[in-house]
1. Order the following by accessible area, largest value first: ARG77, ARG64. Probe radius 1.4 Å; ligands, DNA and RNA are ignored.
2. Size of the dipole of segment 155-222 about the Cα centre, Lys and Arg at +1 and Asp and Glu at -1 on the beta carbon, nothing else charged, in debye to 20?
3. I need the Debye-formula profile for segment 188-290: one equal scatterer per C-alpha, no solvent, reported as log10 I(q)/I(0) at q = 0.20, 0.21 1/Å, two decimals.
4. Using a simple spin-label model with points 7 Å from Cα along the Cα→Cβ vector, what separation in nm is obtained for ASP63 and ARG307?
5. Pairs of Cα atoms under 8 Å, at least six residues apart: use those to get the relative contact order of segment 162-265, whole percent.
6. I'd like the FRET efficiency for LYS382 and GLN599, computed as 1/(1 + (r/R0)^6) with the beta carbon distance as r and R0 of 30 Å, rounded to 0.05.
7. Measuring from label point to label point, each 7 Å out along Cα→Cβ, what is the LEU573 to ALA401 span in nm?
8. With a 1.4 Å probe and all protein chains in place, put TYR630, TYR94, TYR168, TYR574 in order of accessible area, largest first.
Amino acid sequence: MLALLASGTSRSSSSIKLAESESAAQNSNMSWGTEIWDQNDNIAIHTNRGIDALDKYANFLRDRVAIETEYAGKLRRLVKNYQPKKKEEEDNEYTSMQAFRNLLKEVGDLAGQREVVSESLQLQVIQAVTLLSKTLREERKKCLSDGAMLQQNLTTQLSSLDRAKRNYEKAYRDSEKAVDSYKRADMDLNLSRAEVERYKNVMTAKIQQSDDAKNEYANQLQKTNNLQQQHFSMLLPAVLNRLQELDEKRTRGIREFIIGAAEVESSVAPIIARCMEGIVKAGESINEKEDSFKVIERYQSGFTPPRDIPFEDLSKLDPDTVQESHYSNSISNHLTIKGTMGANKLKKRVGIFNIFGSTKNSLTADGQKEDFSDLPPNQRRKKLQAKITELQQKIAQETNARDGLMKMKIVYEANSSLGNPMTVEGQLNESEHKLEKLKLDLKKYQGYLDKASQAQVATSSPQANRNQLQNGHRTSRHSNGSADDHHEDGDDQPDDAGSLSRSGSEDNVAQIQNGHNNNNNGSSASPESGLGTSHTSLPGSGQGSANENAIGEDTYYETEVETLNPLGTCRALYPFEASSEGSIPMNEGEELQVIEIDQGDGWTRVRRANNSNGWDEGFVPTSYIECTLYA
């Protein structure tokens, strides 16, 4: 049964193929010249519509090319508009931003592929369609002209035949009448012999004319039949077959053009697929945990959260300091440490009237100090390490350049025809100078990194820690030099650059001007504000009154403050750059006086033995000095 089914299926398939081949053979044998020989006008209309359809397809391709070009251009503009700005380059380390950057790259490649499609369609398809349409119109016009000429020749021959036939008919009728007239004259006895002979001559002439017209008609008829047979069997079919070939050429061209346009699209499909794969890969590369870690790595300051605010027992406070204590509580600083999430809201300030802070350390192009000492510890170490890596790369590049110049000099010395070795000497000297400078910078920044690694990181400013450790009790020096213990409430918290908050600074100046600042403690004597006996303080807090000396807008006041007795001496083990108000710089090996020992916050208050650089006293890291206290 299965064999019968299989044989039946094979026979049916073979019969189908045979029928298709026979149909194709029949179609190939069919021609317009034989099948539709009498539809000349319809064939002319059909071929014209076919060429119009070809032009329509060409217009379709032109519009598509315009759309592809516009689409590619808009993609290019889209990618350009969303390229990361220079100020956003620091965010490029995150995987999400890197993925977005890769996405833009892939979209740019997609735009390039759309441009390839547009250009290929324009060069490979549209030009060919336009050329074919022009050629077909010219061939069709020629075919129609040849067909019209053949038809005109046939019409002319038919007219000649019709005219010859009419002449023959007229001559025949005239001959018949002449014969009848002769017969009647011959039977009429009243006519003379001469008259009868005249009728006979007329009859003979008419018969001869009729025979000539008959012969002409027969000749024209034969010519017409021959021409008509040739016209409908050879000449007209040839013209119609040419029109058929023309129409088939147009149809075949449309097929090839459609396939060619599809192949143009298919040729870029693998590249577009790779672009899509790249976009997917970019999306898969996003790692939220890694981004979170990079946020920590970028903004981590290294400081610890502040300790609990100590309780202030008002019953133990001196009445004169209650108002100041209340003032200190009202101006508590809520700013964040530089390098944390709130750092972008802070503006770097030097101090009141631009007289606080030290400008000893030069600034980089982005406004930071050369040793990055104005940054938190973690950020400072990262910046220094990055700078060291950059310098090492530059040194490697400059070393390679120098080695190349040295080899060139050796070659020139060995063969002077290749060049003058003295021309390389200047470049070698310049390279040596650059290399030496880079090595010095590398050594300098390595020293900065060593110091940053050895330095003890304080959780907050030295005076703020001092306040916390003393549980709100600290020594306040009045203008008379006496020392009173009273409570503070963290009125001198540091801001991002170690300077005073604006409200605290301006209020303090107002109190000094009004003669109400009777205390050098608080915000006016803290090491953070620098308003003690340092050169950055605002004198005028002595004896409860102020001497007003207006010097433009930078008015300040002078006062005489009794200095504290030194507790011992110390020697600087390492150089220190003051990075906040209240601290002072020192050089390695410098001798200083200790006026207040470290109380557990990592800072020691010292005074210079001389007043050579304008600094008087302030705080330095305890780990940076070696102290010798008096017995």
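1. Per-residue accessible area, sorted high to low, gives ARG77, ARG64.
2. Rounded to the nearest 20 debye, it is 100 debye.
3. The Cα Debye sum returns log10 ratios of -1.05, -1.08.
4. With each label point 7 Å from Cα toward Cβ, the separation is 8.1 nm.
5. Value for segment 162-265: 32 percent.
6. 0.45
7. Calculated label separation equals 4.1 nm.
8. TYR630, TYR574, TYR168, TYR94
The values are calculated or read from the model by the stated rules, or taken from the named source; none is laboratory data. Not measured: the values here are computed from a predicted model. Every residue, glycine among them, receives a Cβ derived from its backbone with ideal geometry; neighbour counts consider all protein chains shown. SASA here: full protein model, heavy atoms, side chains in, ligands and nucleic acids out. Shrake-Rupley method; radii C 1.70, N 1.55, O 1.52, S 1.80 Å.
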